[in-house]
1. Cα to Cα, under 15 Å, and not fewer than 8 places away if on the same chain: which aspartates and glutamates meet these conditions relative to LYS237?
2. Mind checking the angle between helix 183-193 and the chain's longest principal axis? C-alpha axes, 0 to 90 degrees, to the nearest 10.
3. Whenever you get a sec, compute what percent of the accessible area on segment 200-264 sits on carbon and sulfur atoms (1.4 Å probe).
4. How much FRET efficiency would the formula 1/(1 + (r/R0)^6) give for ALA187 and TYR64, where r is the Cβ-Cβ distance and R0 is 45 Å, rounded to 0.05?
5. Can you compute the helix-only [θ] at 222 nm over the chain? Use -39500 (n - 2.57) per DSSP H run of at least 4 residues, normalise by all residues, nearest 500 deg cm²/dmol.
6. If the chain between ILE50 and THR19 were fully stretched, how many nm would it gain, using 0.36 nm times the residue separation less the Cα-Cα distance?
7. Hey, what angle do you get for helix 334-345 against the long axis of the chain, alpha-carbon based, 0 to 90 degrees rounded to 10?
8. Add +1 for every Lys or Arg and -1 for every Asp or Glu among the other residues with Cβ under 13 Å from the Cβ of GLU374, and state the total.
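The values are calculated or read from the model by the stated rules, or taken from the named source; none is laboratory data. In this text, all values refer to a predicted model and were calculated from it rather than measured experimentally. For neighbour counting, all protein chains shown are included, and Cβ atoms are generated from backbone atoms with ideal geometry for every residue, glycine included. Surface areas here come from the heavy atoms of the whole protein model, side chains and all, with no ligands, DNA or RNA. Shrake-Rupley method; radii C 1.70, N 1.55, O 1.52, S 1.80 Å.
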Amino acid sequence: MQMPNLVPVRSKLPAAGTTIFTVMSALAQKHGAVNLGQGFPDFPIDPALIDLVTDAMRAGHNQYPLMPGVLALREAIAAKVQRLYGRAYDPVNEITVTTGATQAIFTTIQALAHPGDEVIVFEPAYDSYVPAVQLAGATPVTLALTVPDYRIDWEAVRRALTPRTRFILLNTPNNPGTSVLSAADVAQLAAIVRATPIVVISDEVYEHMVYDGARHESLARHDELAARSVVIGSFGKTFHATGWKVGYALAPAALTAEIRRVHQFTVFTVNSPVQHGLAAFLADSSRYEALPQFFAQKRDLFRALLADVPLDLLPCAGSYFQLARYGRISDEPAAMFAQRLVADYGVASIPLSAFYRDGTDHRVVRFCFAKREETLREAAQRLARLSAAVASGGKRG
Ligand SMILES: Cc1ncc(COP(=O)(O)O)c(C=O)c1O
């Protein structure tokens, strides 16, 4: 029996319900569906990484590590970032290890944003951004990215600037938009913020999932932008271990100092053996350099498997998601279509409308292709039944 509630409760996030990921994962379980909804891999992580973490535990790395993170891991992150993006972040003063990218984003915003500050957020957006801004008492200003390519309209950004704009929160490669920033985009961003006090928060958790010969335009590459940016990464995404929740924030020393002031009173520090294991694992650069090709193969396989399914696949320049329009099958809202897809066809996806605060609905759903080949084949086989629904003239209104 539930306890009675005897105290008044005033929610700080009254609009926040259960996230769509939880809802769709629960539905996937209920219907025995192939779960291409939530973004996590179903293949195992590298056994060498498990060994290194186990070794760290056996070696006694089981007590509180340093507040900003195990130094060996911060040094390994610095070496990786220098190798890939050519910037030498100082492991002592410019790198902080966090409990996943989500905590890095949350802590950065709590540390730096004040009531009255405006934070530009692009939608569709990862669902933690807006609540993090709201909890800091700041104001989210949302700009829409739109179907089919979800790219930033820099003129719209210019128009949205006010004297109170203090942050631009970016995500490249973009989830769920699957777009990536180009060098030209980065140049536009630099020009826009040049004469302003704006700090850029750059969520780059999908940095290793950029395709078709393009390179990841990390803000770490760019002298001017790096000097006013917090660049955020995630080992959960990079090494297929989303349940480990270890990420990091790279930022100039003055910003890092503020981020750490809040970090020390939220999580204080991040679990020790995983940090030691990751530090040792990162010593071999082939472990991350092979990732773009690995994920490109999955993307290409999944797209090929869906070639005859009456879904219109949107271009996927980055991330491990594939977007699809379903207008040939149905006119119903994306949330309804996604629920029908899981209940009647046994495949879970995420409706893109869930990533817009106002529910903007371009009739698009998102599939995660970070899955084993047999999972992708099974999903495609189930989705192939959509052809029969179209052939029988059963388009839903
Ligand atoms: C854009 C984006 N940022 C951050 C995260 C979360 O990263 P982490 O699991 O390291 O907190 C996700 C996870 O889906 C994401 O899609």
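1. List returned: ASP42, ASP46, ASP203, GLU204, GLU207, GLU289.
2. Relative to the chain, helix 183-193 is tipped by roughly 60 degrees.
3. Numbers: 950 of 1950 Å².
Looking at segment 200-264 in its full context, I get 48 percent from C and S.
4. Working: r = 43 Å, r/R0 = 0.96.
Once rounded, the FRET efficiency stands at 0.55.
5. Numbers: 16 runs with 157 residues, N = 397.
The helix contribution divided over the chain gives -11500 deg cm²/dmol.
6. Details: separation 31, 0.36 × 31 = 11.16 nm, distance 3.00 nm.
In short, 8.2 nm is gained.
7. Helix 334-345 and the main axis of the chain meet at about 60 degrees.
8. Details: positive: LYS298, LYS371, ARG372, ARG377, ARG382; negative: ASP42, GLU373, GLU378.
Surrounding charge for GLU374 is +2.
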